[in-house]
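Accompanying notes for the structure given below.
The values are calculated or read from the model by the stated rules, or taken from the named source; none is laboratory data. Keep in mind that this is a model prediction, so the values were computed, not measured. We place every Cβ from the backbone using ideal geometry, glycine too, and count neighbours over all the protein chains shown. All accessible areas refer to the heavy atoms of the entire protein, side chains included, with ligands and DNA or RNA removed. Shrake-Rupley method; radii C 1.70, N 1.55, O 1.52, S 1.80 Å.
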Amino acid sequence: MIRFEQANVTYAGGVSAMRNLDLEIADGEFVVIVGLSGAGKSTLIRAVNGLVPLTSGNLDVNGHDVPNLDRKGRRALRSEVGMIFQGFNLVDRTTVLNNVLMGRLHQVPTWRTLIGKYPQADIDIAARALDRVEIVDRAYVRATNLSGGQRQRVGIARALAQEPKIILADEPVASLDPPTSHVVMKYLQQISRELGITTIVNLHFLDLATAYADRIIGLRDGELVFDGPGSAADENT
Ligand code: ADP
Ligand code: ADP
């Protein structure tokens, strides 16, 4: 479970990007956050994995007391949280499989990753992750040779290979065309449902949110202004 209590984030310049947020997200929920640019969506997502510190308030993420974590605690938290980015953040010159194996960095001894020798078990996990987004046939292709939609599917597979409890996706479809955006949202929804992974997705567009979310949260100027079911929630009941 993720629970914000009276959480505030004020940046150095004085911008209040999160204002008195009270929000509880249950295990396995598929939540979409909508709001204009600057509404505080990224701030919320980055708070969950401890990248943005709260100025005040409480935040519990799966039992981690986020504002009071030491280095070891922060590392433990981040190993449980898979991240998906707008710009995919793939390493272009290496293969799809190697990119997905980077999701195993928390679990594999560093010396093995440095010499590129991953245990077979980790390669199997990476292959299964690629299979979930139906791109396992491109495992040995360089990431640079993929389309945008395929790159984001690899981004999803990399997050999955981490075997996370939570997936955070910050504007994952912002650089994709509408049909491709639907495909990516569909995979994210499926993965959340089938594997029970709590998923938070930031989006600009409400139409994608209503199509796929169990729950939609609206932010404006750092404030929660809407919290209600998406139409996908009906299918579950
Ligand atoms: P996005 O809206 O996609 O998050 P931004 O352009 O807002 O992209 O942010 C890009 C980076 O710049 C982020 O790391 C963000 O934290 C940082 N950033 C955004 N606004 C400011 C600001 N006013 N001062 C300093 N850093 C900022
Ligand atoms: P969104 O993701 O909805 O576009 P953000 O969370 O990126 O919103 O930003 C919320 C507000 O905080 C914006 O006004 C942005 O400029 C500001 N901001 C974001 N990151 C930083 C930062 N690192 N330093 C200062 N201001 C920031």
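Hey, could you check region 200-220 for residues that are within 16 Å of ligand 1 (Cβ to nearest atom) and of a type in the set (A, V, I, L, M) and say which is nearest to Asn49 (Cα to Cα)? Working first, answer last.
Here is the first cut: in region 200-220, the ones within 16 Å of ligand 1 (Cβ to nearest atom) are 200-205, 219-220.
Next, from what is left, pick out any that are of a type in the set (A, V, I, L, M): 200-201, 203, 219.
On the way: Ile200: 12, Val201: 14, Leu203: 18, Leu219: 19 Å.
Checked region 200-220; the qualifying residue nearest to Asn49 (Cα to Cα) is Ile200.
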Hey, can you tell me all the residues within region 46-78 that are surrounded by 15 or more Cβ atoms within 10 Å (Cβ to Cβ) and β-branched (Val, Ile, Thr)?
Val48, Val52, Val61, Val66
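Among Arg151, Arg138, which is under 20 Å from the mean Cα position of the chain (by Cα) and not aliphatic (A, V, I, L, M)?
After applying the criteria, what remains is Arg151.
Can you tell me which of Arg46, Arg19 is at pLDDT 95 or above and over 21 Å from Gln162 (Cβ atoms)? Even if it seems obvious, please write down each step before you answer.
Working: Arg46 fails: over 21 Å from Gln162 (Cβ atoms).
Going through Arg46, Arg19 in turn, the sole match is Arg19.
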Go over the candidates Val96, Val108 one by one and state the one that is aliphatic (A, V, I, L, M) and over 23 Å from Glu171 (Cα atoms).
Val108
Residue pairs within 7 Å by beta carbon, gap of at least six or interchain, first lying in region 34-55 and of a type in the set (D, E, K, R), second within 9 Å of ligand 1 (Cβ to nearest atom), listed first then second, are Lys41/Asn202; Arg46/Val52
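If I ask for residues that are in a strand (DSSP E or B) and within 15 Å of ligand 1 (Cβ to nearest atom), which ones from region 16-73 would you list? Please lay out each step first, then the result.
We begin by selecting, within region 16-73, every residue in a strand (DSSP E or B); these are 16-25, 30-34, 56-61, 64-65.
If the condition is that a residue be in a strand (DSSP E or B) and within 15 Å of ligand 1 (Cβ to nearest atom), then Ser16, Ala17, Met18, Ile33, Val34 are the ones that fit.
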So, Gly87, is that one more than 22 Å from the chain's Cα centre (by Cα) and open to solvent by 30 Å² or more (accessible area, probe 1.4 Å) or not?
no
Considering only region 10-28, I want to know if a residue exists there that is touching a strand residue (DSSP E or B) at 6+ places or on another chain (Cβ under 9 Å), more than 28 Å from Gly196 (Cα to Cα) and buried (at least 22 other Cβ atoms within 10 Å of the Cβ).
yes
Go through (1) out of contact with any helix residue (DSSP H, G or I) (no Cβ under 7 Å at 6 or more places or on another chain); (2) aliphatic (A, V, I, L, M); (3) in contact (Cβ under 8 Å) with a residue 24 or more places away in the chain one by one and return the number of the condition Val9 breaks.
(1)
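Please note which helices (runs of 4 or more DSSP H) are completely contained in region 90-132 and include at least 3 residues that are over 23 Å from Val184 (Cα atoms) and open to solvent by 90 Å² or more (accessible area, probe 1.4 Å). Full working, then the answer.
Values: elements: 96-101, 110-114, 120-132.
Those helices (runs of 4 or more DSSP H) span 110-114.
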May I ask you to verify whether Met83 is farther than 21 Å from Gln6 by Cα and either within 15 Å of ligand 1 (Cβ to nearest atom) or touching a Leu at 6+ places or on another chain (Cβ under 8 Å) (or both)?
yes
